[in-house]
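Visitor: Below is one structure. I have some questions about it.
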Amino acid sequence: MKYNYIIILMAAFIGWSGALQAQETDLEQPVDAGKLRRHELSANIGGGIQSLTFQLANRGVSAAGFSGGGGIGYAFHISRLLSVGTGVGIAHYGGSAEYNVLSSQIFRQSGARFTYYIGGYREELSTLLLEIPLLLRFSIAIGDKGQALRFAGGVRFGLPVSARYDCTVAKHKTQSALLEYENVEYEFDVIFPPNAPVPISESGKVRLNAPFQITAEIAYRLPLSSRSAISVGAYFGYGLNDMQATKKKPLVTYSTLENDLNTSPPKYTYTGSVLNTGFASSIRTLAIGLKVQVELLY
């Protein structure tokens with residue numbers, strides 16, 4: 001009789017152990033073990049250092065700009081690990097250029113040569129780009145509820161929608177003019193005393209070529225439901241090509257007409273941003289910032 005109790009207890013223990021093992025097996029299954037949702041729509045917004053970087057000659061100083069942008073995206077999931085993404089967005093890039101002194105600069109044109117002095121030159125630059133990315137994305141699960149780390153890399157095509165400059169010059173002074181047809185050099189301090197420096201304020205459009213960038217992203221993805229998620233991460237982008245217009249213009253243009261020369265100061269115009277002159281070179285985009293993205297799977 002006592003053996004019957006032992007057999008019953010052993011059978012109960014075996015059944016209980018089997019139930020526990022079955023529960024553990026169920027818990028090991030991923031939450032998203034169902035059908036793979038291959039299509040993803042998203043909307044994003046971000047910001048940080050989004051700058052036009054360039055090199056300035058004659059001891060000029062450039063500074064990065066801080067701005068942001070946003071857009072919409074689409075991704076096709078090849079597998080749970082790999083997907084391809086694209087989209088369209090708008091991004092703002094800024095920057096600045098400064099010169100304490102541009103001393104004894106020379107502007108030459110047909111039949112004349114002018115020298116001028118500039119003190120306290122400052123220019124603010126901004127451009128709005130329409131951007132189209134093409135990214136290869138890798139996702140690594142880091143939890144049992146759909147959390148993941150996402151790594152993405154690829155290229156980004158840009159199209160300048162608008163580009164502007166605003167510059168201020170604390171002091172501009174014309175020093176001399178050499179008129180080749182007269183073979184005479186005129187000193188404006190002698191002709192028009194006193195030849196005092198004058199302040200100048202200019203603004204206008206900038207001509208820039210379309211940028212082609214490499215880009216990389218890292219993000220943490222947190223599911224909101226079985227079909228939606230939010231991701232927070234960082235992005236990096238750098239322009240591979242020079243955005244400077246191929247034809248460089250002089251910063252200052254003087255008129256050689258006699259009536260324009262006989263004024264104080266002689267007639268001149270600023271012909272655009274320093275980015276389109278010989279003072280600047282190697283203009284590229286730089287983007288380092290944070291981004292938040294909301295995603296919908298279907």
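Visitor: Could you figure out which of (1) β-branched (V, I, T); (2) buried (at least 16 other Cβ atoms within 10 Å of the Cβ); (3) over 24 Å from R284 (Cβ atoms); (4) out of contact with any Ser or Thr (no Cβ under 8 Å at 6 or more places or on another chain) isn't true of T215?
Guide: (3)
Visitor: Still on this structure, I have one more. S176 - would you say it is more than 30 Å from E131 (Cα to Cα), in contact (Cβ under 8 Å) with a residue 24 or more places away in the chain and not in a loop (DSSP other than H, G, I, E, B)? Quick ask: steps written out before the conclusion?
Guide: Details: more than 30 Å from E131 (Cα to Cα): yes; in contact (Cβ under 8 Å) with a residue 24 or more places away in the chain: yes; not in a loop (DSSP other than H, G, I, E, B): yes.
The answer is yes for S176.
Visitor: Criterion first (at pLDDT below 95 and touching a strand residue (DSSP E or B) at 6+ places or on another chain (Cβ under 6 Å)) does I283 satisfy it?
Guide: Judged against the criteria, I283 is a match.
Visitor: Report the residue count in region 229-264 for those that are loosely packed, with under 13 Cβ neighbours inside 10 Å and at pLDDT 90 or above.
Guide: Residues meeting the conditions: 1.
Visitor: Here's something else I'd like to know. If you go through region 176-190 one residue at a time, do you hit one that is out of contact with any strand residue (DSSP E or B) (no Cβ under 7 Å at 6 or more places or on another chain), in the same structural domain as G68 (by TED's automatic domain parsing) and surrounded by 12 or more Cβ atoms within 10 Å (Cβ to Cβ)? If you could, list the steps in order and put the result at the bottom.
Guide: Step one: list which residues in region 176-190 are out of contact with any strand residue (DSSP E or B) (no Cβ under 7 Å at 6 or more places or on another chain), which gives 181-184, 189-190.
Next, only the ones that are in the same structural domain as G68 (by TED's automatic domain parsing) stay: 181-184, 189-190.
Now narrow it down to the ones that are surrounded by 12 or more Cβ atoms within 10 Å (Cβ to Cβ): 189.
Within region 176-190, one or more residues are out of contact with any strand residue (DSSP E or B) (no Cβ under 7 Å at 6 or more places or on another chain), in the same structural domain as G68 (by TED's automatic domain parsing) and surrounded by 12 or more Cβ atoms within 10 Å (Cβ to Cβ).
Visitor: Further question on the same structure: Since K145 meets every condition but one in (1) modelled with pLDDT under 95; (2) assigned to a strand (DSSP E or B), which condition does it not meet?
Guide: (2)
Visitor: Can you say whether T269 is assigned by TED's automatic domain parsing to the domain that holds L134, over 29 Å from T115 (Cα atoms) and part of a strand (DSSP E or B), as far as the supplied structure shows? Write out each step before concluding.
Guide: Working: assigned by TED's automatic domain parsing to the domain that holds L134: yes; over 29 Å from T115 (Cα atoms): no; part of a strand (DSSP E or B): yes.
Spelling it out, it is not the case that T269 is assigned by TED's automatic domain parsing to the domain that holds L134, over 29 Å from T115 (Cα atoms) and part of a strand (DSSP E or B).
Visitor: Would region 101-115 turn up any residue that is at pLDDT 95 or above, in contact with a Gly (Cβ under 6 Å, 6 or more places away or on another chain) and in a strand (DSSP E or B)?
Guide: As a first pass, look at region 101-115 and keep what is at pLDDT 95 or above: none.
The answer is no, given that none of the residues of region 101-115 is at pLDDT 95 or above, in contact with a Gly (Cβ under 6 Å, 6 or more places away or on another chain) and in a strand (DSSP E or B).
Visitor: Can you pull out the strands (runs of 3 or more DSSP E) entirely within region 36-93 that have at least 1 residues that are under 18 Å from E131 (Cβ atoms)?
Guide: Strands (runs of 3 or more DSSP E) meeting the threshold: 39-56, 66-77.
The values are calculated or read from the model by the stated rules, or taken from the named source; none is laboratory data. Note that this is a predicted model, so its numbers are computed, not measured. Heads up, the Cβs are rebuilt from the backbone with ideal geometry, glycines too, and the neighbour counts pull from every protein chain shown.
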